[in-house]
1. How high is the relative contact order of the range 72-127, in percent, with contacts defined as C-alpha pairs under 8 Å that are six or more residues apart?
2. Taking Cα Rg over 2.2 N^0.38 Å as the quantity of interest, determine which of (1) 1.22; (2) 1.01; (3) 1.07 was computed from the displayed structure.
3. Divide by every residue of the chain the summed helix terms, -39500 (n - 2.57) for each DSSP H run of at least 4, and state the resulting mean residue ellipticity at 222 nm, rounded to the nearest 500 deg cm²/dmol.
4. Relative contact order for the chain: what percent, with Cα pairs under 8 Å and sequence separation of 6 or more?
5. Which links in LYS59/LYS90; LYS61/LYS131; LYS77/LYS157; LYS90/LYS157 stretch past 24 Å when you go from one Cα to the other?
6. Anyone know which of SER163, SER117, SER26 comes out most mobile in the 10 Å Cα GNM of the chain?
Amino acid sequence: MERKDFLQMGCCALAFLGALPANSLSAEERPCDEQLKFIQNFLSDLMDSIDSQVDEPTKIKILGECGRGCFRRFQFKQDIAAKGKGSVDKLIEAYHANFEAWREGDTVHVRYGAVNSYGCFCPAARYRPGKPHDIQCYCTRATHQAIWETALGHPVKVEVLQSVRRGDPTCHFLVHLT
């Protein structure tokens, strides 16, 4: 099997598992602890494989697609974009429901609090150990990028300043508006 085929299959599996609403399954269909551990291990192996076998631009592209999928899958993220449609100030205000956000000139900071005592917020990453240059953060970066680009109607650059998964006390992103 070609690496490209493996990665596509792995990302499809990741997207499928993440898209399953917990309440859509009967008690008999819900994964047991053993199955959840298998899924966690599979995700760890998949992420480690991507990290060790794929060049950096491809890692960013793959995890970016996961992040955009997360934006499409979760209504609260779409709601942030809708409430901020066409206005940086309205978008910052919409972000305040879940995040800290403030503007500095042509940039906007999005932060998950000064200190995030809960660890990673992402259920796909929460039960895996972080790494100094954890690629999971490309997914979250792309989610925020999707929110901003949907709301403003033009491309923006988003950069990871801090990440709990990378050993920082919180997650902090910088959105470049121009």
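Read-outs: derived from the displayed coordinates by stated rules, not from any lab. As the structure is a computational prediction, the values presented were derived from the model and not from experiment.
1. Numbers: 40 pairs, mean separation 9.4, N = 56.
Computed over the range 72-127, the figure is 17 percent.
2. Checked against the structure: label (3).
3. Working: 6 runs with 90 residues, N = 178.
So the helix-based figure for the chain works out to -16500 deg cm²/dmol.
4. Details: 227 pairs, mean separation 41.6, N = 178.
Computed over the chain, the figure is 23 percent.
5. LYS59/LYS90
6. SER26
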